[in-house]
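A short reminder: the numbers here are calculations on the coordinates, not readings from a lab. In this text, all values refer to a predicted model and were calculated from it rather than measured experimentally. Ideal geometry is used to build each Cβ from the backbone, glycine not excepted, and the neighbour counts take in all protein chains shown.
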Amino acid sequence: MTFNVNKAFEADNGIVLNGGAGVFSGSASPVGQDAPIGSRYLRDNGELWSKHNTGVNDWIIIGVTTATKLQIPDLEITGLSEQNILRNVPASTVVSSGTISLTSASKYVQFFTGTVAGQNVNLPNATTLQVGHVYDIWNFSTQSISIRNNSGTELAPLKTNARTLIILTNNSSANGVWSLTYTLDNGNVFGTQLYYQEEEAETSNNSLTYVNKVTLVTPSLPLGDYLTQFQFTWRSSTANRVNDYRIQRNSVNIDAGGAFIPNVAERMLVSGFRRISNISGVQTYTLDFRRGATATTVFMYGARLFVWRVG
């Protein structure tokens, strides 16, 4: 199987695309075949493949087709026409430390490759689009990408090896209202980093100054999203007292609170979690506690900290 990169054979009498990228068809898998980035390949079994990088094996399945419908996971485009096919051939960009501003004429599907940090993607002026307009952005680069509205305010980061569908839900202003749905993470990174520290023994504090109960220092973390979970049990030496705790990451609070303990026999279990996006490097997490404003002694035991990668 050899591709003619100047022609496309699965549309009305074929299409010639800019830059040699084309829409091809055949019965075999396209993996191992060279073609320009952005080419599409429609296999006889209905699989729609796309060339997202320069290697001969850099093909991925992005959807399934019928005679009248293109079904990309979580995105359906009906009434296939030459214009629709052309607009759905991906644009591919090598990331740089700069900003790409999409317009109403931009390709629906955007691929990003490369290794440079600092790439921003500004969405179009929403008033130039219809409600329901979709952009399908895939980040194959090694760096996180910042997805922003028309004025440059970040809506969300798009981590490496991830995809997001961006749907316009309100076009009454230039910035509009956009719904971002993360539908694919090719990295399979969930749970690949997991760190845990516990202190079972009971310790006490009768002052207004926080004392440390658990400290967890991670090794250098790869860039990603991490979930911090905590759990502890505490009690008070005096009834009807409020005691305080805090969870910190690198000396900054990520969770803090207090609890009213009604009697000295009460044993209160406290737990919670916090997800933090786009962190990397060595991280220090601490669980600290103190008594409240009224004199008492607070006791804590069974304290645990977990940090694990979720994206």
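The table below lists the values:
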| read-out | value |
| --- | --- |
| Rg over Rh, two decimals, region 152-289 (C-alpha only, Kirkwood Rh) | 1.10 |
| Computed over region 218-311, the ratio Rg/Rh where both radii use C-alpha atoms and Rh is Kirkwood | 1.06 |
| Rounded to whole Hz, the Karplus (6.51, -1.76, 1.60) HN-Hα couplings of region 289-295, x for glycine and proline | 8, 7, 7, x, 5, 8, 4 |
| For Ser101, residues with placed amide H under 5 Å, excluding near neighbours | Asn122 |
| Under-5 Å amide H pairs with Leu158, H placed in peptide plane, nonlocal only | Ile145, Ser146, Ile147 |
| Local electrostatic count at Ala303 - Lys and Arg +1, Asp and Glu -1, tallied over other residues with Cβ under 12 Å | -3 |
| ³J(HN,Hα) computed for each position of region 45-56 - Karplus, 6.51 cos²θ - 1.76 cosθ + 1.60, integer Hz, glycine/proline x | 7, x, 5, 10, 9, 9, 8, 9, 8, 7, x, 5 |
| Around Thr238: net Lys/Arg minus Asp/Glu count, Cβ-Cβ under 12 Å | +2 |
| Note, ³J(HN,Hα) from phi for region 262-269, Karplus 6.51, -1.76, 1.60, rounded to Hz, x at Gly and Pro | x, 8, 5, 7, 5, 10, 10, 8 |
| Calculated FRET value between Ser237 and Phe273, using beta carbons and R₀ = 35 Å, to 0.05 | 0.75 |
